[in-house]
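For reference, the structure is listed below as structure tokens.
The values are calculated or read from the model by the stated rules, or taken from the named source; none is laboratory data. Quick caveat: nothing in here was measured; it's all calculated off a predicted structure. Glycine gets a Cβ as well: all are built from the backbone with ideal geometry, and neighbour counts include every protein chain shown. Heads up: the accessible areas ignore ligands, DNA and RNA and are worked out on the full protein's heavy atoms, side chains in. Shrake-Rupley method; radii C 1.70, N 1.55, O 1.52, S 1.80 Å.
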Amino acid sequence: QVQLAESGGGLVQPGGSLRLSCVASGRIVGLQAMAWYRQAPGKQRELVASIGGGGRTKYADSVAGRFTISRDSADIAIYLQMKSLKVEDSAVYYCYAELLNSKLWGRGTQVTIFS
């Protein structure tokens, strides 16, 4: 059974940086794309960044130019480099994988930016 595990969350001041990691365990078959989502208290879960076939990336307007999504060569891990963090970036960040016949979510990692 494939599982996703996030790490790298924490507390940081505005303007700081964090790097999130998501590692997939188990046998990956038919991977289509992976992504990072986030959910702040009282808000809907939103797409932050995605990376698909050929390494194509997409970003939410709110993070474009500040966040960078990347993956390893074996396609079983993705990363989110976050720079110039803002208070409004505070949320639980979730890793997501879209396979040919299923969708997977990690349990999330908390990111808190405090002034």
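Can you tell which of Leu85, Leu47, Leu80, Leu20 is outside any strand (DSSP E or B), modelled with pLDDT of 95 or more and at negative phi? Let's see the steps before the verdict.
Details: Leu47 fails: outside any strand (DSSP E or B); Leu80 fails: outside any strand (DSSP E or B); Leu20 fails: outside any strand (DSSP E or B).
Every option except Leu85 fails the conditions.
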Return the pairs, sorted by first residue and then second, in which the second residue is open to solvent by 60 Å² or more (accessible area, probe 1.4 Å) and not in a loop (DSSP other than H, G, I, E, B), the first residue lies in segment 69-83 and is of a type outside the set (A, V, I, L, M, F, W, C), the beta carbons are less than 7 Å apart, and the residues are 6+ apart or on different chains.
-> Tyr79/Arg19; Gln81/Arg19; Gln81/Thr68
What number of residues within segment 69-115 are within 18 Å of Ser7 (Cβ to Cβ), β-branched (Val, Ile, Thr) and surrounded by fewer than 16 Cβ atoms within 10 Å (Cβ to Cβ)?
-> 1
Can you name every residue in segment 88-109 that is in contact with a strand residue (DSSP E or B) (Cβ under 9 Å, 6 or more places away or on another chain) and outside any strand (DSSP E or B)?
-> Glu88, Asp89, Ser90, Leu100, Gly106, Arg107, Gly108
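Hey, does segment 103-112 have a residue that's without any contact (Cβ under 8 Å) to a residue 60 or more places away in the chain and on the phi < 0 side of the Ramachandran plot? Break it down stepwise before answering.
So the first thing to find is which residues in segment 103-112 are without any contact (Cβ under 8 Å) to a residue 60 or more places away in the chain, and the list is 103.
Those left that are additionally on the phi < 0 side of the Ramachandran plot: 103.
Yes.
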